[in-house]
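Where a number appears in this text, it was derived from the coordinates with a stated rule and is not lab data. Computed from a prediction, not measured in an experiment: that's the story for all the values here. Note: ideal-geometry Cβ built from the backbone for every residue, glycine included; neighbour counts use all protein chains shown.
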Amino acid sequence: MKKSYIVIGVVLVVLFAIYRIFAGSYNNMVNSEETVSQSWSQVQNVYQRRLDLIPNLVNTVKGMAASEKETFEAVINARAKATAINIDPSKLTPEQISKFQAAQGELSTALGRLMVVSEQYPQLRQSEGFLNLQAQLEGTENRISVERKNFNEAVQTYNTLIRQFPNNMLAGIYGFEKKGYFEAEQNADKAPKVQF
Amino acid sequence: MVKKFSLLLFLLLPFRSWSQDIPENPVPARFVNDFAQLLSESEVATLEKKLENYQDTTSNQVVIVTTNSLNNYDIESYSYAISKSWGIGQKEKNNGVLITIAPNERKMRIEVGYGLEGAIPDAVCKHIIREKMRPYFKKNLYFEGLDSATSNVIKYASGEYKAEELNEKQPKYIWLVVFIIIILLISFISKYNRTKNSAIGRDLDFWTILALMSMSNKGSSRGGGWRNGQDSGGWDFGGGSFGGGGASGDW
């Protein structure tokens, strides 16, 4: 009689322990995924900030360097492409991230060229409006690199978590998938610097 | 193969710790951290006083770091790493500003916390660097440059935050009130026990007083600690966050 109580007790404890493992790791994964989503929205914010800056910038440069039509068009097209790519935070797969990164990288290159062209117009280089926009663009590029780094760190924590034992087995059941990183770029994201 | 290797390198990148490459946060906290020794003692004291007074009225933390070497980082990464690891600015307000000067690389940066990005936009930082710092730095007038930089940062950031929360933290009067209550309690209990006039009562009285005394001691010593801290200008980095706002320049 007493033995059966002990058996039941042991079974209950074991069941509870298993429940704790499942629930605990599930909650950890949820938290970690939430951090990734938050960092992603920060990434999107700063990229959006850059998109918002571009019309002003193009107009300012246009005023004093109207002959650089091709450069403007390249920026405007690249901006349109980059605007078209929006990623649902729940689908941050490596493929999606690299697609996003490619479109934004193209825009960075076009913007870099625009800034180089602008440097060739002394009148533009000295105008208050242009200098302000230039400072804003630099600040935005720096924010982008900061938020990308934070995002990569969050993804790294998350990916490590879901691939650890026993989470790796549970992650599949719960449907947690590996998320993509921003990859280091070969100068694509850095506005080329020109020395005079 | 090379591509794989570079990918591996990149994946390792986030593991790299900043701790060896940037100065540790000073204990006790200081506003002026002249690691490159560009300023005289009295100049450091003047700036320190100025920034401390500014914190006292607004709770904004404006911190200066000069460094002999950026350790091959660009000034943006270096300055962001310091701001992040030190946690300049108050936690809820993110109202920190970090002015980083690297005389050997001839680079400078004003890093602005999330909470002050509206008050000191990037273009303003750039303007301060270009017009208010660079002319002095070109003549090696570091104190004048930093004095003008801090004055301008202060000018723009003022009005964004007030120091009310800092003042609320002063628990001086609370401890006085607690102390009075304890005294009243003790006298009340001892009176009550005297009227009962029993052995148990006296025992209880003794232990209660002892316990209350130890409690009140704890209270007054903590209060004293706070006061000492305030006299010597004790403060701490509040844990504010940064998002890469600000501007850089050279001279």
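Listed cross-link partners A:Lys179/B:Lys84; B:Lys49/B:Lys155; A:Lys99/A:Lys179; B:Lys49/B:Lys107; B:Lys93/B:Lys126; A:Lys91/A:Lys178 are compared with a 18 Å cut-off, the Cα-Cα value being larger for A:Lys179/B:Lys84; B:Lys49/B:Lys107; B:Lys93/B:Lys126. Going by a ≥ b ≥ c, the root eigenvalues of the Cα gyration tensor, does the range B:48-109 fall in the rounded group (a/c under 1.5), the prolate group (a/b larger than b/c) or the oblate group? Oblate is the answer for the range B:48-109, as a/c is 1.5 or above yet b/c matches or exceeds a/b. Using the rule -39500 (n - 2.57) for each DSSP H run of four or more residues, divided by the residues of chain A, the 222 nm mean residue ellipticity is -28000 deg cm²/dmol. Over the C-alpha trace of the range A:2-174, radius of gyration and Dmax come out as 25.1, 95 angstrom.
Shown for A:Phe151, B:Phe188, B:Phe143, B:Phe242: other C-beta atoms within 10 Å of each C-beta, ranked fewest to most, produce the order B:Phe188, B:Phe143, A:Phe151, B:Phe242. Between the alpha-carbon centres of the range A:120-156 and the range B:57-102 there is a gap of 18 Å. Within the shell defined by Cβ-Cβ distances under 9 Å, the residues around B:Gly115 carry a net charge of -2, with Lys and Arg each +1 and Asp and Glu each -1. With a 10 Å cut-off between alpha carbons and a GNM built on chain A, which of A:Gln123, A:Gln44, A:Gln104 moves the most? So, out of A:Gln123, A:Gln44, A:Gln104, the one fluctuating most is A:Gln123. Each residue of the range B:147-155 is assigned a 3J(HN,Hα), and the resulting list reads 4, 5, 4, 5, 4, 6, 4, 4, 4 Hz, derived from the Karplus form 6.51 cos²θ - 1.76 cosθ + 1.60 (θ = phi - 60°), x at Gly and Pro. Using the Cβ-Cβ distance between A:Leu12 and A:Arg49 with R0 = 41 Å, the FRET efficiency computed as 1/(1 + (r/R0)^6) comes to roughly 0.15. Spin-label model, A:Tyr121 to A:Tyr19: label points 7 Å out along the Cα-to-beta-carbon direction sit 7.1 nm apart.
For B:Arg130 and A:Ala66, FRET efficiency with R0 = 25 Å and r from the beta-carbon atoms, rounded to 0.05? In this case the efficiency is close to 0.40.
With neighbour counts taken as other beta-carbon atoms within 10 Å, the residues A:Ile76, B:Ile120, A:Ile173 rank, fewest first, as A:Ile173, A:Ile76, B:Ile120. Between the range A:1-36 and the range A:39-108, the alpha-carbon centres lie 48 Å apart. Positive contributions from Lys and Arg (+1) and negative ones from Asp and Glu (-1), summed over other residues with Cβ under 14 Å from the Cβ of A:Gly172, come out at +1. Taking other Cβ atoms within 10 Å as a rough exposure proxy, A:Val61, A:Val146 sort from fewest to most as A:Val146, A:Val61. Other residues within the sphere of radius under 9 Å centred on the Cβ of B:Gly243, judged by their own Cβ, net out at -1 (K and R +1, D and E -1).
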